[in-house]
1. Within the stretch 3-43, track down each residue that is acidic (Asp, Glu), in a loop (DSSP other than H, G, I, E, B) and crowded, with 21+ Cβ neighbours inside 10 Å.
2. Taking the conditions exactly as written (more than 22 Å from residue 21 (Cα to Cα), surrounded by 15 or more Cβ atoms within 10 Å (Cβ to Cβ) and modelled with pLDDT of 95 or more), does residue 159 satisfy them or not?
3. Would you confirm whether any residue within the stretch 1-9 is out of contact with any Gly (no Cβ under 9 Å at 6 or more places or on another chain) and at pLDDT below 95?
4. Check 62, 51 and return the single one that is crowded, with 18+ Cβ neighbours inside 10 Å, among the hydroxyl-bearing types (Ser, Thr, Tyr) and either touching a residue at least 24 places away in the same chain (Cβ under 8 Å) or assigned by TED's automatic domain parsing to the domain that holds residue 183 (or both).
5. Regarding residue 113, is this residue assigned to a helix (DSSP H, G or I), modelled with pLDDT of 95 or more, in contact with a Ser or Thr (Cβ under 8 Å, 6 or more places away or on another chain) and among the hydrophobic types (A, V, I, L, M, F, W, C)?
6. Tally the residues that are within 16 Å of the chain's Cα centre (by Cα) and among the hydroxyl-bearing types (Ser, Thr, Tyr), restricting the search to the stretch 77-99.
7. List, please: which pairs have Cβ atoms under 8 Å, are six or more places apart or on different chains, and start with a residue in the stretch 203-223 that is within 16 Å of residue 192 (Cβ to Cβ) and end with one that is exposed (fewer than 11 other Cβ atoms within 10 Å of the Cβ) and at pLDDT below 90?
8. Collect the residues in the stretch 1-21 that are more than 30 Å from residue 175 (Cβ to Cβ) and either of a type in the set (Gly, Ala, Ser) or more than 15 Å from the chain's Cα centre (by Cα) (or both), keeping them in residue-number order.
Amino acid sequence: MIKAIVTDIEGTTSSISFVKEVLFPYASEHLPAYVRKHRKEREVREQLNATAELSGIASHDTEALIRQLLDWIATDTKAIPLKSLQGMIWQQGYETGVYQAHVYADAEQKLSAWHAAKLDLYVYSSGSVRAQQLFFHYSLYGDMRPLFRGYFDTTTGAKHDERSYRAITAEVGHPAKEILFLSDIELELDAAAAAGLHTCWLLRPEELAVSPEEVQPSHPVAKSFDDIQLPTR
């Protein structure tokens, strides 16, 4: 019986377009000025130093570091310092009301129902934990953070790595066979299944270039959260 559910965000609870067409462009536009203004603050400095270490750029060369960060955004590179800085920048947009995080109605309704049924809910996304918390704090449905017991990002491990899901299982505190992982990415589901978790592949028609019927599923499939069937054993 399922005791805990771990969900991805982009393409699963929420539209890919919100991230690609709203959040990423906002970060690209505001990152240079944000870094220049806050580069001496400890939290930002730590991420700039991490960027320098990953890229080989001198840590004092702020403009070169900015160019590297913008390149990572353009190539959707899952660099931890970029994700951390994006979370800081996105906070400005959320708090000033520039945007609200998109969440599918079926996802909000089902997550609320699972929470009411005492299932433990968690988030695992490539965005930083800070960005995840901001996302659900400023959602279209208001503050959804009370629904979740915890958040995981790539500091836990890569989403395509089986070891990441073993680490999450240990943190969640339920056996893998009592945990369901939701995602729209097959390789992530493969890794979760290899770690012993149950899986469900979200194939939302609005997010696919082909119809769901054309996909050869290797995991249980749902077109929305309404279709998700919780395994009973």
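1. As a first pass, look at the stretch 3-43 and keep what is acidic (Asp, Glu): 8, 10, 21, 29, 41, 43.
Still in the list and also in a loop (DSSP other than H, G, I, E, B): 8, 41.
8 - this is the single residue of the stretch 3-43 that is acidic (Asp, Glu), in a loop (DSSP other than H, G, I, E, B) and crowded, with 21+ Cβ neighbours inside 10 Å.
2. yes
3. yes
4. Numbers: 62 fails: crowded, with 18+ Cβ neighbours inside 10 Å.
Matching residue, one of 62, 51: 51.
5. Judged against the criteria, residue 113 is not a match.
6. So the answer is 2.
7. Final answer for the pair search is none.
8. Residues of the stretch 1-21 that are more than 30 Å from residue 175 (Cβ to Cβ), as a first pass: 15-21.
Scanning the stretch 1-21 gives 15, 17, 21.
The values are calculated or read from the model by the stated rules, or taken from the named source; none is laboratory data. Values in this document were obtained by computation on a predicted structure and should not be read as measured data. Because the Cβ atoms are built from the backbone with ideal geometry, glycine has one as well, and the counts that use them run over all protein chains shown.
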